[in-house]
Structures are given as structure tokens and as C-alpha cells.
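Nothing in this text is a laboratory measurement; each read-out follows from the coordinates by a stated rule. Quick caveat: nothing in here was measured; it's all calculated off a predicted structure. Virtual Cβ from ideal backbone geometry, glycine too; neighbours counted across all protein chains shown.
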Amino acid sequence: MPSPANQLAQFSESVIRGMTRLANQHDAINLSQGFPDFDPPEEILSALETATRGPHHQYAVTWGAPRFRQALAKKINRNTGLSIDPDQHLVVTCGSTEAMMVAMMTACNPGDKVIVFSPFYENYAADAILSGAEPIYVPLHAPDFGYDREELAKAFEQKPKAIIVCNPSNPTGKVFTREELSEILALAEQHDAYVITDEPYEHIVYPPHVHTYAASLPGALDRVITCNSLSKTYSITGWRLGYVLASAAVIAQARKVHDFLTVGAAAPLQEAAVAGLELPDSYYAELQTLYTKKRDVFIDYLRRTRLPFTEPQGAYYVMVDISSLGFPNDTQAAEWFVKTVGVAGVPGSSFFRDPEHRFIRFHFAKKEETLHAAGKRLLNLIQK
Ligand SMILES: Cc1ncc(COP(=O)(O)O)c(C=O)c1O
């Protein structure tokens, strides 16, 4: 039998998605893969019913249905202060997952280097390898997961083509400040690199932290390639809707990559999701309140377990330090959590470049009753 491509040996199947399968097998409460167990907004659901009866069952325009792009541009302009053109600055993709792949393939030639902060969302290393690029890792240091300016500047000296910034960050919950993003942008300018951001948690940020759109910094639109998604903001991870936002010159190239990767995102779902994009500002304020409550409920249980953790500033994940439980590594700990405690998390090592077995990542995008049930199971840890 012919051998498959060599590059595939460089990464494994997703550990996150694997933990979901293990959780289902053992009937554990699944706090591993980040998706909600509650419904999307009613407005979106009823728009979906209407869309199924409309004329939207064939291919949409490959870079995004016009109504969807127009509604998206309006929302982006309102949030960022930019004045982007829906016909020039956007490509609608199958989630931020495809957006990231499109961004990487648009920015990088085979052999180019790309800076990735570690810990990182596990797709980034695979994205880099699949697009022929070589990741250079810069650590985010626990417990606050900040970066060291010297280490970052040193990485830029290796002449990377791009840096990936996940903001708010999965898995750490870090929200990059305006100052940090300006510093990253200045280094990227100095070394003529792209800044590729992944921002699906733009609306899930805990006060007093605020989300800064890197693309909205002065003069940034020519350099920043923003990847984003509707998955988390509207609780529609299964709809697979995302987008790339960038300068017209970058988008002209990104459209080609996207067209040949997937042709386009699902036409009826783009139509229905317009109802989400048109929701008033109060929706986003309520979403923030909802997630702040969920975070507080969950971390209160964590506090009672006395396991150290880093309080998330944004997104809906928390890295918990399980080293005191005495397992040889985090993978064995995560299996024990599923099989014995009945709560699934993700072994933290899957997010780090270097061997790091101190953490398990849990997410709290669940109904409060689910979080209470999981929290009560976690309290059994105190007896361990
Ligand atoms: C940082 C980050 N980027 C991208 C994704 C995937 O997003 P999408 O559903 O839009 O593909 C996730 C999902 O967990 C994520 O956490």
C-alpha cells in the first residue's frame, strides 16, 4: 500500500475531540470540547425555519452570501470602529477552523516560520504543518500566561512570516491588552510579518477586561488577518460559520484558497445567521453576564477543591493545576477524571510545545445545572 503524506506523522488526531468520545463512552459530564449544552437565540432558530423554505439550497457566492456579508460588515464596523466593505474585506468560511487554514495558506510559503504562543489551541500547529510552515513557539508563562517581551523579540529575529494570536485565548483564558497587541504589531511591522488573530471569544470577556480588536489598532488592517466565528457568540458550533477579515489585497488571495478548499459555507445557515448578526447590543451584554455567572459558579467549586487554577479573563476555559493529585502525567489524570470522577477535561499537555503535565483544561459553557453537577463531582477530589 502506498504510504500517506509524511507531514501527517507530525501531529495526531485532536485530543480534545478524543476526550469527547471518551466522555460519551463513560457517561461523564463533558467539560472537554468547548460547546454549549443550551440552545441558540430564538431569533436564529426561527430564521432557520424560514430559511429552510427559502431559495437557499444551492451554492451561495463562494466568499459568502451577500446578505450575510452585509450584516457581518455592519456588526464588525459597529464593534471595531473600522469601515470595512463587505465586498472587499471578508471571506465567509466554514468556521474559524477553516478561516485559520485559509489565513495560513494565504500568508505563508512552504518553509516559512510562524510564531505560535504556547500553550496554544491545538489546531494551530496542525494548520502550520499542513500549510508547509514551521511553527516557532514562544512560551506564555503560568500562572498568568503572559509572554516575555525579550523571548518574543528573539523569535521575531528568526524572520517569521506571521504570528498567531488567539485572543481571548483558548486554553489559558488570557485576554491580550491593547498595549500587548500594539507591541506585537510593532514587532510584526519591524520584521514585516502578518499578525493572524483568532477571536471567536470576542464577546466572552470578563470585566474589567475588555476585548481589543488587533485589526482596529492604527494602521493595522494591512497587516492583521482576523479569523473569527459565529460558533461561540451565538451557540451554533455545529453550523460551521466563520470568516476572515483582512485588507482587500489579502482577501483577494484568501478567496482563492477558500474557494478551492470548501467552495463555501452552508447557504441556508448563512441566511438564518443574519438574524444573529442583527441582534442588538443588549444581546452581547447579556451573553457576557451569562458567561460571567457560569465562570463564577464553576470556579467557586474549583476553589473548594483547593486545586490551583488561573482565573480566566475571557473565553470559557480554565486551566487547573492537578499536580498535587500525584498522577504520573496529565493524560492518566484526565482518564481518571472521566472514569472515576465522572467529569471530562482535556489533558493540558496537548496545548503545550514542551512536556507540561501539570494541567487539565475544563470548559464551563454549560447550563448552570450541568456546572453544579460537575462541581459536586469535583468536590469528591477533596477526599482523594
Ligand atoms: C481558539 C479557537 N479557535 C477556533 C475554534 C473553532 O471554531 P469554529 O467552530 O468556528 O471552527 C475554537 C473552538 O473551540 C477555538 O477555541
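If you count Lys pairs in segment 42-279 whose Cα atoms are under 23 Å apart, skipping same-chain pairs closer than 8 places in sequence, the total is 9. Panel order for LYS161, LYS293, by other beta carbons found within 10 Å of each beta carbon, from fewest to most: LYS293, LYS161. If the elastic network links every pair of Cα atoms under 10 Å, which of SER229, SER350, SER216 fluctuates the most in the Gaussian network model of the chain? In this elastic network of the chain, the residue with the biggest mean-square fluctuation among SER229, SER350, SER216 is SER216.
In µm²/s, what is D for the chain at 37 °C and 0.692 mPa s, where D = kT/(6 pi eta Rh) by Stokes-Einstein and Rh is the Kirkwood radius from Cα pairs?
It diffuses with D of about 154 µm²/s by this estimate.
What FRET efficiency comes out for LEU290 versus HIS141 if R0 is 41 angstrom and r is the Cβ-Cβ distance? Round to the nearest 0.05. Calculated transfer efficiency: 0.85.
For segment 14-82, the calculated P(r), taken from all Cα-Cα distances in 10 Å bins from zero up to the bin holding the longest distance, is 15, 25, 28, 28, 4 percent.
Placing a pseudo-label 7 Å from each Cα along the Cα-to-Cβ vector at ASP27 and VAL263 gives an inter-label distance of 4.3 nm. Relative to one another, the C-alpha centroids of segment 279-299 and segment 49-91 are positioned 25 Å apart.
The loop-placed trypsin sites (Lys or Arg not before Pro) in segment 13-96, going by DSSP, that have at most 16 neighbouring Cβ atoms within 10 Å of their Cβ come out as ARG53. In the elastic network of the chain, a GNM with C-alpha springs shorter than 10 Å, the most mobile of ALA65, ALA249, ALA28 is ALA249. This model, with +1 at the C-beta of Lys and Arg and -1 at the C-beta of Asp and Glu, gives the chain a dipole about its Cα centre of some 660 debye.
Per residue, the chain reaches -12500 deg cm²/dmol at 222 nm when only DSSP H runs of four or more residues are counted, each adding -39500 (n - 2.57). Most simply put, segment 42-279 has about 35% antiparallel DSSP beta bridges, counting only bridges with both residues inside it.
A straight chain from ASN6 to ARG304 at 0.36 nm per residue would run longer than the Cα-Cα distance by 102.6 nm.
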